[in-house]
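The values are calculated or read from the model by the stated rules, or taken from the named source; none is laboratory data. Since the structure is predicted, the reported quantities are computational estimates derived from the model, not experimental observations. Virtual Cβ from ideal backbone geometry, glycine too; neighbours counted across all protein chains shown. Ligands, DNA and RNA are excluded from the accessible area calculation, which covers all protein heavy atoms including side chains. Shrake-Rupley method; radii C 1.70, N 1.55, O 1.52, S 1.80 Å.
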Amino acid sequence: MKILAIETSCDETALALVEAGGGLRQPMFKVLKNLVSSQIAVHRPFGGVVPSIAKREHLKNLPIIFKKISGSSTSLGKLNFPKIDLIAVTVGPGLEPALWTGVNFAKELKKKIFPKIPLIGVNHLEGHLYSFLLTTRYKLQIKNTFPAIALIVSGGHTILLYVPSFTKWKKIGETRDDAAGEAFDKVAKMLNLPYPGGPEIQKLAAQGDGEAVKFPRPMIHDKNYDFSFSGLKTSVLYYLRDNPRTDKADIAASFQKAVVDVLVAKTIRAAKEYDTKSVILSGGVAANAFLRETLGNETRKINRNFLVPPMDFNTDNATMIAAAAYIQNLKRKRRAIRAQANLNL
Ligand code: KG4
Ligand code: ZN
């Protein structure tokens, strides 16, 4: 089936056209079109995402991207759009004004162009969770995937999920304050690096020594699976105030190491305790090379599969929304068939 997906939960306006098939046993995806219009340059002067500006930019960009994806000359006019079977749109979690622009756009598309095509709402985090499926690399390993532990780390979220099967997940831990990506962005600001800070910290950290400053590893030994990054951020602030001459690259590397140490320790402990077959890493911070490498190595050490999306699918995009929509749709169909079977009994 062909899925048209829309994602506007934060500062990326994204549309994708994805061919999905294979069912729940072997879901497979072919990305036909993947368009992402980033608002980074617009938000950069403010040092973070401004919701009202995000909304304005989504409103401006959605018709432009749709024109591109549809090959049409007008935003909602005559189309030579390929036949689609499902429209999917992110409904949350995310910035409310930003989310609504996507939802309203999807409704308008359905009303004016695709009246017979079903429209479904998709959870943004499920999008991140299933984004590792957007590669053929894991095709043969699917049966060795579940139960899994998934670490979703983005600008808005840091959560650990226990994923017993393709269609179920349970949150076992989350951040009590800042998300990991948010901490990267805020520490970058302290180091006078531009927004978004994650990639900038990674670049600077590559020239520094991760052992130079012993920043705290918040909650690393706590028995639960929650995280907290606000105190770590404050430690960096005080360290910079008290040691202004320290090499910034050492600070970036030491901060990055502290975050990665906590994320990896808790994820590996969960993988052991829940006796999973794999560890899934996703979300914007999953683009961090040090995190990918460290978590990948530690996962392999305990003989679990390590599953991570290809680089282009870590930060927000609409292909992951299409993937989650496909799984959700299969789940819904399965439930309907079961209900039908019950009625026939
Ligand atoms: O998933 P995402 O695109 O948006 C949300 O759903 O929040 O994640 C964006 C976050 C930002 O905080 C950004 O700084 C972080 O991902 N990020 C990184 C890297 N690339 C993006 N953090 C650390 N290292 C990176 N290479
Ligand atoms: Zn996201």
Inset, instruction - Filter the range 186-197 for residues that are within 16 Å of ligand 2 (Cβ to nearest atom) and either open to solvent by 30 Å² or more (accessible area, probe 1.4 Å) or outside any helix (DSSP H, G or I) (or both) and give the result. - result: Y195, P196
Legend entry - Within the range 19-47, tally of residues that are open to solvent by less than 10 Å² (accessible area, probe 1.4 Å) and more than 18 Å from K333 (Cβ to Cβ): 2
Inset, instruction - Only residues that are crowded, with 21+ Cβ neighbours inside 10 Å, closer than 15 Å to V187 by Cβ and not aliphatic (A, V, I, L, M): list them for the range 217-262, please. - result: P218, F229, K233, S254, F255, Q256, K257
Legend entry - Subset of the range 170-185 (residues that are in contact (Cβ under 8 Å) with a residue 40 or more places away in the chain and away from ligand 2 (no atom under 16 Å from the Cβ)): I172, G173, R176, D177
Inset, instruction - Select from the range 284-336 the residues that are assigned to a helix (DSSP H, G or I) and of a type in the set (S, T, N, Q) and write down the one among them that is surrounded by the most Cβ atoms within 10 Å (Cβ to Cβ). - result: T319
Legend entry - Residue match in the range 257-267 (condition: in a helix (DSSP H, G or I), in contact with a Leu (Cβ under 6 Å, 6 or more places away or on another chain), farther than 30 Å from N305 by Cα and away from ligand 2 (no atom under 16 Å from the Cβ)): no
Inset, instruction - Taking L281 as the residue in question, decide whether it is within 16 Å of ligand 1 (Cβ to nearest atom), within 14 Å of V264 (Cβ to Cβ) and either at pLDDT below 95 or outside any strand (DSSP E or B) (or both). - result: no
Legend entry - Any hit, the range 7-16, residues being within 16 Å of ligand 1 (Cβ to nearest atom), open to solvent by 50 Å² or more (accessible area, probe 1.4 Å) and small (G, A, S): no
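Yes/no per residue for (1) closer than 18 Å to L62 by Cα; (2) more than 16 Å from ligand 1 (Cβ to nearest atom); (3) surrounded by fewer than 17 Cβ atoms within 10 Å (Cβ to Cβ); (4) without any contact (Cβ under 8 Å) to a residue 12 or more places away in the chain:
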residue: K83; (1), (2), (3), (4): no, yes, yes, no
residue: I87; (1), (2), (3), (4): yes, yes, no, no
residue: W100; (1), (2), (3), (4): yes, yes, yes, no
residue: P118; (1), (2), (3), (4): no, yes, yes, no
residue: E126; (1), (2), (3), (4): no, no, no, no
residue: L129; (1), (2), (3), (4): no, no, no, no
Inset, instruction - Considering only the range 311-330, state which residues are charged (D, E, K, R) and within 13 Å of E126 (Cα to Cα). - result: D316
Inset, instruction - Can you run down the residue pairs with Cβ atoms below 6 Å, 6 or more apart or on separate chains, where the first is in the range 239-254 and closer than 16 Å to G210 by Cα and touching a residue at least 40 places away in the same chain (Cβ under 8 Å) and the partner is surrounded by 15 or more Cβ atoms within 10 Å (Cβ to Cβ) and not hydrophobic (A, V, I, L, M, F, W, C)? - result: A249/G208; D250/G208; A252/G208; A253/G208; A253/G210; S254/G210
Inset, instruction - Determine whether the range 139-158 contains at least one residue that is open to solvent by 30 Å² or more (accessible area, probe 1.4 Å), without any contact (Cβ under 8 Å) to a residue 12 or more places away in the chain and either polar (S, T, N, Q) or within 16 Å of ligand 1 (Cβ to nearest atom) (or both). - result: no
Inset, instruction - For the range 198-209, indicate whether the set of residues that are under 23 Å from I40 (Cα atoms), at pLDDT 95 or above, open to solvent by less than 30 Å² (accessible area, probe 1.4 Å) and not aliphatic (A, V, I, L, M) is non-empty. - result: yes
Inset, instruction - Determine, yes or no, whether S165 is modelled with pLDDT under 95, within 16 Å of ligand 2 (Cβ to nearest atom) and not aromatic (F, W, Y). - result: no
Legend entry - Whichever residue in the range 304-325 is within 12 Å of ligand 1 (Cβ to nearest atom) and charged (D, E, K, R) and, among such residues, is nearest to G181 (Cα to Cα): D316
